[in-house]
Structures are given as C-alpha cells and as structure tokens.
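The values are calculated or read from the model by the stated rules, or taken from the named source; none is laboratory data. What you are looking at is a predicted structure, and each value in this text was computed from that prediction instead of being measured. Cβ placement follows ideal geometry from the backbone for every residue including glycine, while neighbour counts extend to all protein chains displayed.
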C-alpha cells in the first residue's frame, strides 16, 4: 500500500526610524556569557540561561527590534531573559540577577526618555508604551519567579499555554485530515511538520493527533507487528512508545 491508512471503526486502547536620542549610550555592554550572533532571540536566551544568566545587557540588546522586545512578552521567564524549559536549573539568585540587570537598563531608558525632547524618537524605536510600562512588567515577572516554587509553578503555566496554542494552530489541519473518515500517512506527516512550526515536538503533536483519533473512534487499518518503519509510525497512535529520537516515517 503506497499510503497506509487509519480508518474509523471501533475504538482502540490508548494509554530608528526616528532620529538619534539625546544622551543615550551608543554602545551596550556585551554579555560575556552570551553570544549576540546566534541565529534567533530564543537561541540567545537559551545560551544565556545555560551560562548562568545575565551579568550585563547582551550585545545588540538595544538595536532597532533587538532583544529588548522581550519586554513585550507575557511569559515572565522571557521578560527576564530566561529559558523556561530550563526551569530546573533556574535558581532565585539567577532570577534576581537578571531582574537587577534589566531593571537598570529600563530605568536608564526612562530617564533618557524624559529629557530633552526624546519622546518622539523613543516612540519611533520602541513603540507606544513599552518603556513606560517596563519597570512594572519586570517587577511582576520577578515577583512570579523569585522563589523556587514560583519558578516551578510558572513553568507549568507557560508550558501549558504553549501546548494549548500549538494544538489550536494544528486543529484545522487535523480536522481536514479526518473529515472523510480516514487519515493517510502523508496527512499525518503534514500534521507533525505543522506541529513543529507551532512550537510542538513530534511526540507532542502525535499525542494530540492520537487523542483526536480516539475521540473519533479511529483505529489502525491493519494489525501492527514487527519493527519496520511502516509499523513504527502506526504504533505511536496506538501505544505511544516512540521516542523523539526515532524517525517517524522511515
């Protein structure tokens, strides 16, 4: 069969645009623990957290659309330049150090903004409101993460929000896949790929797909046996035994 199928049936078991700003420092201190040339903001936050947190504002932090945009996030870890996925390694001392570093940066921005007609240039660079609300946002994030219990609690909250948004992002793809009562291999793989684009791992996406299959009373097209690639990609929707290191569609 060129496209293995899962069909509906009995339920199976499943366990400056503006000008220069007066008195603003032209250069920003380099974080000796970070690397300002990593490909993405997320990469840089991961590296900084792995290295023990901030000792100074990272390189290029204050460029147009630079890493200062973390202040726009609703994730308290990101606001404090921390990778929430490393929560078991994040200690209150790291949270406090990052808070102190970023609080000093934004306090300086507030002082500069309120001198010498800088408001227009600030608005062009940072938009409306981020500078004015920065200290309050930093304080809220710090209060949430200043204890080990808070770090663990908000890890769960942020991760649950990621999973929820990821599932919302692939729901239409899943609905299109199962609306005709069958799901072919290529459609399942497309869902997995779109899950990756929505911040999910393949295993997380597979669990979501599997749940929809169970709810819709889908079952494997044929019995599962052996260790071939063709049996492995079906097996995840029955017993969820695959690990992320295993190729799903070999």
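Determine whether residue 117 is more than 18 Å from the chain's Cα centre (by Cα), modelled with pLDDT under 95 and at positive phi.
Considered against the rule, which asks whether it is more than 18 Å from the chain's Cα centre (by Cα), modelled with pLDDT under 95 and at positive phi, residue 117 comes out as yes.
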Subject >> helices (runs of 4 or more DSSP H) wholly inside the stretch 132-223 containing at least 3 residues that are within 30 Å of residue 101 (Cα to Cα) and more than 16 Å from the chain's Cα centre (by Cα) >> reply: 148-178
Original post:
Could we say that residue 95 is at pLDDT below 95 and either part of a helix (DSSP H, G or I) or surrounded by fewer than 18 Cβ atoms within 10 Å (Cβ to Cβ) (or both) here?
Top reply: no
Original post:
Is it true that some residue in the stretch 172-191 is crowded, with 19+ Cβ neighbours inside 10 Å and under 30 Å from residue 76 (Cβ atoms)?
Top reply: no
Original post:
If a residue has to be in a loop (DSSP other than H, G, I, E, B) and either farther than 24 Å from residue 121 by Cβ or out of contact with any helix residue (DSSP H, G or I) (no Cβ under 6 Å at 6 or more places or on another chain) (or both) to count, how many in the stretch 65-91 make the cut?
Top reply: 10
Original post:
Looking at (1) in a helix (DSSP H, G or I); (2) loosely packed, with under 14 Cβ neighbours inside 10 Å, can you tell me which one residue 128 breaks?
Top reply: (1)
Original post:
Name the pairs whose Cβ atoms lie under 7 Å apart, with the first residue in the stretch 166-181 and within 18 Å of residue 201 (Cα to Cα), the second assigned to a helix (DSSP H, G or I) and at pLDDT 90 or above, and 6 or more positions between them or separate chains?
Top reply: 166/195; 170/194; 170/195; 173/194
Original post:
In the list 53, 116, 111, which residue meets the criterion of being exposed (fewer than 14 other Cβ atoms within 10 Å of the Cβ) and assigned to a loop (DSSP other than H, G, I, E, B)?
Top reply: 116
**OP:** Specify the residue that is farthest from the chain's Cα centre (by Cα); the eligible residues are those in the stretch 38-48 that are over 20 Å from residue 106 (Cα atoms) and assigned to a helix (DSSP H, G or I).
**Re:** 47
